[in-house]
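Undergrad: After the structure tokens below, expect a handful of questions from me.
What follows is calculated from the coordinates using simple rules that are stated; it is not laboratory data. Computed from a predicted structure; not experimentally measured. All Cβ positions, even for glycine, are placed from backbone atoms using ideal geometry, and neighbour counts span all protein chains on display.
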């Protein structure tokens, strides 16, 4: 199962490509219309906690390092909700030190970035 966060142009393309590849894909976005567009193309959405516990891959298609860090480890952070061995794919441009910091945090949850 794949969970994609950020369903604007690039994120929608990632999510739809995963769907076309035969994966179960759940999509999340702060804008209801973006989620509706994804659902109209055959995607799913749901309770984040439930989908993250089952997702093998999480794809973060947000704007920048700050949003990436908030998505992964903020108040509703996704990494602590994922199972050990899960993979995080970040599509945002990150400063090297941000990427290294996030990787260390992921390691502590046995997740890979």
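Undergrad: If each residue's Cβ is checked for other Cβ atoms within 10 Å, how do 8, 107 rank with the fewest at the top?
TA: Least to most surrounded, the residues fall as 107, 8.
Undergrad: Let me ask something else about it. So how far, in whole Å, is the C-alpha centre of region 25-60 from the one of region 96-113?
TA: 23
Undergrad: Under a 10 Å cutoff between Cα atoms, tell me which one of 87, 47, 61 has the largest fluctuation in the Gaussian network model of the chain.
TA: 47
Undergrad: I need to check one value: relative contact order of region 50-108, counting alpha carbon pairs closer than 8 Å and at least 6 residues apart, in percent.
TA: Working: 62 pairs, mean separation 25.3, N = 59.
Answer for region 50-108 is 43 percent.
Undergrad: Does anyone have the angle between helix 9-20 and the longest principal axis of the chain? Alpha-carbon axes, 0 to 90°, nearest 10?
TA: 70
Undergrad: Where a ≥ b ≥ c are the square roots of the eigenvalues of the C-alpha gyration tensor, would you call region 50-108 rounded, which needs a/c under 1.5, or, failing that, prolate if a/b is larger than b/c, or oblate?
TA: The shape class here is prolate.
Undergrad: Peptides 9-16, 79-86: what's the order by average Cβ count within 10 Å, highest mean first?
TA: Those peptides, ordered most packed to least, come out 9-16, 79-86.
Undergrad: What is the fewest-to-most order of 34, 90 by other Cβ atoms lying within 10 Å of their Cβ? Walk me through the numbers on the way to the answer.
TA: Working: 34 18, 90 22.
Fewest to most other Cβ atoms nearby, the residues stand as 34, 90.
Undergrad: Neighbour counts of other C-beta atoms within 10 Å: give me 39, 30, 113 arranged from fewest to most.
TA: 30, 39, 113
Undergrad: Still on this structure, I have one more. What angle, in degrees between 0 and 90 and rounded to the nearest 10, separates the Cα long axis of helix 96-108 from the longest principal axis of the Cα atoms of the chain?
TA: Approximately 90 degrees, to the nearest ten.
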